[in-house]
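These notes concern the structure reproduced below.
Readers should treat all values here as calculations from the given coordinates under stated rules, not as data from a laboratory. Everything numeric in this text was worked out from a predicted model, so none of it was measured. All Cβ positions, even for glycine, are placed from backbone atoms using ideal geometry, and neighbour counts span all protein chains on display.
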Amino acid sequence: MIEVGLTGCIGSGKSTVAVALAERGAVLLDADAIVAQLQQPGQPVLDAMVAHFGPSILRPDGHLDRQATAGIVFEDPQELAALNAIVHPAVRAEMAERRQALSGGDAIVVAEIPLLAEAGPDRRRGLAGIIVVDVDPDVAVRRLVVDRGLTEAEARARLARQASRAERLALADFVIDNNGTHRELADQVARCWEWLESLEHPLSGGETAR
Ligand code: ATP
């Protein structure tokens, strides 16, 4: 298998691209989705969170109250570290298990990593390449306002907290331009899939080249 990272600013279209690549055969690895899964009722991660933060982080139906949790960790770095100490190792273990299950095969794995450009120098580790979904910040803001109901000020503030467009583009091995229509995006995704299929798979541990 090979794994590529998929990144882009907030509202750039990462999830839209990920779904389109999955339709072509990519296997998606989405850390946020794994976190959500590990925090379902009955999961050891949620039990450990309740043991640490108390039952106020649960809604009456037993599901995690994300806003209540955010309220606790947002202002308190120690509590944020405690949360990360519970969640991160479990996510890493789950990702490793999924990678292990795919290793030796010819899967094209796409890992959605929103903050790849903000990560440290070893951000390329394990990745055969990086796809950047590029969008003009004004276009992203417009979509976030129209589709997500953010105010323009909120959308701009969130974008300002992320890496710049240029910083992200500097990392790209493949750029998907998402300034156009959904139709134009579909054409870009088709080209991206061709590129992904052209990447060489490593010959290790009994893997065979594609
Ligand atoms: P986030 O960082 O918030 O998770 P994202 O990068 O995953 O966002 P999406 O959720 O895929 O972005 O897209 C953001 C919004 O823009 C969605 O409502 C999506 O339907 C819309 N969108 C994506 N691409 C296009 C396009 N080419 N034309 C119009 N709308 C688009």
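Could you tell me the largest-minus-smallest coordinate of the C-alpha atoms of the chain on each of the three principal axes, in descending order and whole angstroms?
Taking the Cα atoms of the chain, the three principal extents are 50, 48, 32 Å.
For Glu79 and Asp138 in the same chain, what is the full-extension length gain: residue separation times 0.36 nm, less their Cα-Cα distance, in nm?
Taking 0.36 nm per residue and subtracting the Cα distance, the gain is 17.7 nm.
In Å, what Rg and Dmax follow from the Cα atoms of the stretch 82-191?
16.6, 47
Say R0 is 30 Å: what FRET efficiency, to the nearest 0.05, do Ala157 and Asp32 get from their beta-carbon distance?
About 0.90, to the nearest 0.05.
Within the stretch 81-120, which GluC sites (Glu not before Pro) sit in a loop by DSSP and count at most 12 neighbouring Cβ atoms inside 10 Å?
Answer by residue number: there is no such site.
Loop-only check: which trypsin sites (Lys or Arg not before Pro) in the stretch 48-134 are DSSP coil with at most 13 other Cβ within 10 angstrom? It would help to have the intermediate numbers written out before the result.
Working: sites: Arg66, Arg92, Arg98, Arg99, Arg123, Arg124, Arg125; in loops: Arg125.
Passing sites in the stretch 48-134 are Arg125.
In terms of the Cα gyration tensor, with a ≥ b ≥ c the square roots of its eigenvalues, is the stretch 59-116 rounded because a/c is under 1.5, prolate because a/b exceeds b/c, or oblate?
It comes out prolate by the Cα gyration axes.
Going by a ≥ b ≥ c, the root eigenvalues of the Cα gyration tensor, does the stretch 39-90 fall in the rounded group (a/c under 1.5), the prolate group (a/b larger than b/c) or the oblate group?
oblate
So how far apart, in nm, are the two label points at His182 and Ala51 if each is 7 Å from Cα heading toward Cβ?
4.6
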